[in-house]
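Colleague: I'd like to ask some things about the structure below.
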């Protein structure tokens with residue numbers, strides 16, 4: 001189901017569920033006397049979050065991770081669009097390149113993250129590259145599928161009206177591919193967050209991933225949760241923005257299906 | 001056995017024989033011994049069309065009638081120029097037809113509108129492709145005229161998904177007319193519509209044909225539709241696809257839906273039905 005098609009009652013139900021879970025969590029921690037190192041109460045997380053935001057520390061880390069995510073997403077999706085466009089142009093190019101693309105995709109990016117850090121340094125650059133490698137594939141795959149998804153009758157129409165190859169590409173193939181490409185971009189943008197955080201886990205001096213590690217080391221579990229909340233908010237915001245973009249760009253599509261992130 | 005039987009039949013039929021052999025030089029389109037052979041997936045040769053010859057005069061309404069698999073769509077694609085015939089001659093205005101031309105308009109079984117273009121932009125698509133985007137403006141007035149002719153005045157800025165199936169096919173007809181072609185090739189244009197809408201669209205089509213004086217070749221597998229619309233019905237039989245008979249329809253114009261109940265109409269329908277029955281070609 002699409003976010004925008006939710007009724008106010010459904011939204012209220014979702015909010016109530018969250019409030020109920022948080023309340024249960026809070027009371028469970030107090031009544032069962034759970035150590036805050038093991039599981040801090042939601043109130044403790046909220047306090048840590050407010051303090052972190054007030055001091056500017058969490059906001060700074062959030063800004064770093066957001067920049068890495070977005071830069072990596074832009075880099076990865078531009079590369080995905082260009083490569084996808086090239087591969088969709090001819091079966092010969094596809095046969096030449098696609099085995100390598102698949103091989104690249106089957107290697108877990110998390111596993112090559114230390115390599116990328118060695119190559120691109122301990123700063124922001126290596127995180128951008130890791131985010132880009134993760135965002136690349138969904139954009140690439142959706143671009144290829146999209147450009148190939150043109151119905152035969154539309155191609156026959158273009159042939160009957162004597163369209164050139166170029167006209168067929170820009171007037172039919174690209175618009176036809178846009179719904180696919182936008183799904184790829186949505187998935188790629190959300191996955192880029194993972195890339196940035198993984199890069200920060202490997203080695204960093206700033207960013208929310210770094211902050212989570214730091215808080216973990218000092219047994220500040222509430223601080224870990226506070227950073228996680230910000231990461232979740234950032235991921236959701238990116239997804240909502242992409243959903244908005246899809247709606248704006250695909251003005252002709254009646255029913256925009258939700259994005260499946262499992263693929 | 002069947003083939004020789006068919007050949008005998010069409011030679012017996014005088015009117016058909018005349019048209020087949022003596023296609024006049026003034027004809028807009030002629031076909032001589034057109035043959036189309038495919039190689040199927042298991043490397044067998046399949047003859048989709050064999051020895052098809054005819055002439056079509058300017059302004060004529062022709063119905064290509066036959067069961068599925070008789071090669072009528074193949075023939076239409078060859079006339080469009082998007083499918084290369086194996087052998088035989090096809091001419092348009094005396095010149096050999098070697099590919100799509102701007103003076104041939106095409107309507108498909110489905111509207112095939114581009115969903116991201118408004119009605120007006122869809123109608124102007126052939127202009128953008130052929131004459132260029134800059135020329136669009138010169139054709140906008142004509143596009144609006146055709147929209148009016150197909151009964152869609154005021155729908156210029158609507159998108160295809162906002163229109164019914166019948167309205168979408170009207171847009172497709174407007175699009176096929178925009179370059180003012182001499183001939184319209186239509187492949188079961190109303191086949192996807194419900195029976196009532198289909199009848200109305202056929203009446204509309206006759207009105208558009210009379211207003212624009214185009215030559216129309218329309219593919220159908222409905223005997224009644226063919227008789228109702230056409231000046232001449234080209235009867236095709238399958239395996240291999242052949243033009244087995246050409247039947248002139250001498251019903252008065254303009255035609256109305258209540259003519260369907262007239263004895264003359266019934267006579268034509270029965271005659272064509274018998275033809276298919278004796279050739280074992282009813283799908």
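Colleague: For the protein assembly as shown, what does -39500 (n - 2.57) per DSSP helix run (n ≥ 4), summed and divided by total residues, give at 222 nm, in deg cm²/dmol to the nearest 500?
Modeller: Estimated from H runs of four or more residues: -18500 deg cm²/dmol.
Colleague: What is the average number of partner chain Cβ atoms found within 10 Å of a Cβ in A:159-168?
Modeller: 6
Colleague: Need one number: nm distance between label points at residue B:87 and residue B:44, each 7 Å from Cα along Cα→Cβ, rounded to one decimal.
Modeller: So the label points at residue B:87 and residue B:44 sit 2.2 nm apart.
Colleague: I would also like to ask the following. FRET efficiency for residue B:145 and residue B:32, Cβ-Cβ distance as r, R0 = 45 Å, nearest 0.05?
Modeller: Using R0 = 45 Å, I get an efficiency of 0.75.
Colleague: What is the average number of partner chain Cβ atoms found within 10 Å of a Cβ in A:149-157?
Modeller: Mean shielding count: 4.
Colleague: Starting from one equal scatterer on each C-alpha and no solvent at all, send me the Debye-based log10 I(q)/I(0) for chain A at q = 0.09, 0.11, 0.13 Å⁻¹, two decimals.
Modeller: -0.53, -0.75, -0.96
Colleague: Multiplying the sequence separation of residue A:92 and residue A:59 by 0.36 nm and subtracting their Cα-Cα distance, what value in nm do you get?
Modeller: 7.0 nm
Colleague: While we're here: Taking chain B as a Gaussian network, where each spring joins two C-alpha atoms under 10 Å apart, which residue of B:105, B:132, B:266 fluctuates the most?
Modeller: Looking only at B:105, B:132, B:266, the largest GNM fluctuation is found for B:132.
Colleague: For the protein assembly as shown, just run the numbers: alpha carbon Rg, then divide by 2.2 N^0.38 Å, N being how many residues it has.
Modeller: Relative to the rule-of-thumb radius for its length, the protein assembly as shown sits at 1.36.
Colleague: Now for a different question. Which order do the peptides B:250-263, B:190-203 take when ranked by the mean count of other beta-carbon atoms within 10 Å per residue, highest first?
Modeller: The packing order, highest mean first, is B:190-203, B:250-263.
Colleague: Then there's this: When the gyration tensor of chain B is built from Cα positions, what are the square roots of 5 times its three eigenvalues, in whole Å, from largest to smallest?
Modeller: Equivalent ellipsoid semi-axes, largest first: 32, 22, 18 Å.
Colleague: Given the C-alpha centroids of the range A:141-157 and the range B:98-128, what is the distance between them in whole angstrom?
Modeller: 17
Colleague: Rounded to the nearest 0.05, what FRET efficiency do residue B:274 and residue A:250 give with R0 = 45 Å and r taken as the Cβ-Cβ distance? Could you check?
Modeller: With R0 = 45 Å, the Cβ-Cβ based efficiency is 0.25.
Colleague: Sticking with this structure for a sec: Name the most mobile residue of A:226, A:237, A:160, meaning the one with the largest mean-square fluctuation, in a Gaussian network model of chain A with Cα contacts below 10 Å.
Modeller: Greatest mean-square fluctuation among the candidates belongs to A:160.
Colleague: Determine the gain in length on full extension of the stretch residue A:214-residue A:110; use 0.36 nm per residue of separation and subtract their C-alpha separation, reporting nm with one decimal.
Modeller: Additional length available on full extension: 35.5 nm.
Colleague: Among B:140-146, B:38-44, A:197-203, what's the highest-first ranking by average C-beta atoms within 10 angstrom per residue?
Modeller: In descending order of packing, they fall as A:197-203, B:140-146, B:38-44.
Colleague: Between helix A:221-249 and chain A, what is the angle of the helix's C-alpha long axis to the longest principal axis, kept within 0 to 90° and rounded to the nearest 10?
Modeller: Helix A:221-249 sits roughly 30 degrees off the main axis of chain A.
Colleague: Please list, by residue number, everything in the range A:143-169 whose backbone N is under 18 Å from a paramagnetic label point 7 Å out along Cα→Cβ of residue B:98.
Modeller: A:162
Colleague: Among A:136, A:27, B:234, rank each residue by its count of other Cβ atoms within 10 Å, from fewest to most, as a rough exposure measure.
Modeller: Lowest to highest Cβ neighbour count: A:27, B:234, A:136.
Colleague: For residue B:164 and residue B:256, calculate 0.36 nm times their separation in residues minus their Cα-Cα distance, and state this gained length in nm to one decimal.
Modeller: Contour length minus the Cα-Cα distance gives 30.7 nm.
Colleague: In the range A:96-116, whose amide N lies under 11 Å from the spot 7 Å out along Cα-to-Cβ of residue A:148? List them in ranges.
Modeller: Residues passing the 11 Å test: A:98.
Colleague: Now for a separate question. Which angle from 0 to 90°, rounded to the nearest 10, does the C-alpha axis of helix B:195-212 make with the longest principal axis of chain B?
Modeller: 80
Colleague: Please compute, for peptide B:74-84, the average count of beta-carbon atoms on other protein chains lying within 10 Å of each residue's beta-carbon.
Modeller: Counting Cβ atoms of other protein chains within 10 Å of each residue's Cβ and averaging gives 2.
Colleague: Can you compute the modelled spin-label distance between residue B:195 and residue B:211, with each label point 7 Å from Cα toward Cβ, in nm?
Modeller: Rounded to a tenth, the inter-label distance reads 2.8 nm.
Colleague: Further question: Go ahead and run the numbers for FRET between residue A:241 and residue A:11, Cβ-Cβ distance against an R0 of 22 Å, rounding to 0.05.
Modeller: After rounding to 0.05, the efficiency reads 0.70.
Colleague: How tilted is helix B:2-12 with respect to the longest principal axis of chain B? Cα atoms for both, answer in degrees (0 to 90, nearest 10).
Modeller: Tilt relative to chain B: about 80 degrees.
Colleague: Only counting other Cβ atoms within 10 Å, I'd like A:127, A:109, B:148 sorted with the fewest neighbours first.
Modeller: Ordered from fewest to most neighbouring Cβ atoms within 10 Å, A:127, A:109, B:148 come out as B:148, A:109, A:127.
The numbers here are math on the coordinates, done by the rules we state, and not lab data. Treat the numbers as computed from the prediction; the structure is a model and nothing was measured. Methodologically, a virtual Cβ is constructed for each residue, glycine included, from the backbone with ideal geometry; neighbour enumeration extends over all protein chains shown.
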